[in-house]
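> Got a structure for you, questions after.
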Amino acid sequence: MRHRKQKGKLSRDPSHRKALFMNLCREVIDHERIQTTEAKAKAVKPELERLITLAKKGDGHSRRLAMARLGQDKFVVYKLFEEIAPRYAERGWMVPAYTLPPNADHVKIMRALVKLTLGHSLVTTLADDIVSACETLAKKGALHEIDRQRVKTGTGY
């Protein structure tokens with residue numbers, strides 16, 4: 001039985017979806033944040049969680065499995081196992097998605113953060129994200145005109 005096995009298809013055939021997940025995972029590990037749509041962020045989150053769990057194990061078999069999932073990219077696998085996994089091995093981790101304002105073209109930012117203690121570099125990158133979101137709001141205004149009408153008429157939100 002295939003109960004609870006359905007994933008988001010993202011309007012792509014299986015090979016294109018696999019390549020998309022591989023590229024998104026690779027970019028998140030390499031840059032430690034990406035800017036993508038909400039649907040793609042939700043779809044790639046379980047893949048990232050599996051890769052981080054593999055990296056926390058740290059053995060050779062886990063490294064080979066990660067290489068297969070990340071398209072034989074040795075540099076990204078090295079960064080995952082040697083830099084990212086030790087940060088999250090003891091403290092725990094999560095991959096939250098921060099929503100930008102409604103006038104930012106429905107984009108979500110995904111970043112790997114620790115649960116218990118934030119390091120200085122993570123706090124500065126989070127502060128940079130907040131500053132950029134505030135600048136986006138200042139440039140485009142607080143809400144689009146369509147959003148203002150929805151709020152006035154009560155048809156949205």
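> Under the 0.36 nm per residue contour assumption, what length would be gained going from the current alpha-carbon distance of E83 and H31 to full extension?
Working: separation 52, 0.36 × 52 = 18.72 nm, distance 1.23 nm.
Taking 0.36 nm per residue and subtracting the Cα distance, the gain is 17.5 nm.
> May I ask you to sort V76, V131, V28 by Cβ crowding, counting other Cβ atoms within 10 Å and putting the fewest first? Could you put the intermediate results ahead of the total?
Values: V76 21, V131 10, V28 25.
Sorted ascending by nearby Cβ count, the order is V131, V76, V28.
> Amide H neighbours of I34 under 5 Å, at least 5 residues apart or on other chains, H built in the peptide plane: list them.
M110
Readers should treat all values here as calculations from the given coordinates under stated rules, not as data from a laboratory. These figures come from a predicted structure and were not determined experimentally. We place every Cβ from the backbone using ideal geometry, glycine too, and count neighbours over all the protein chains shown.
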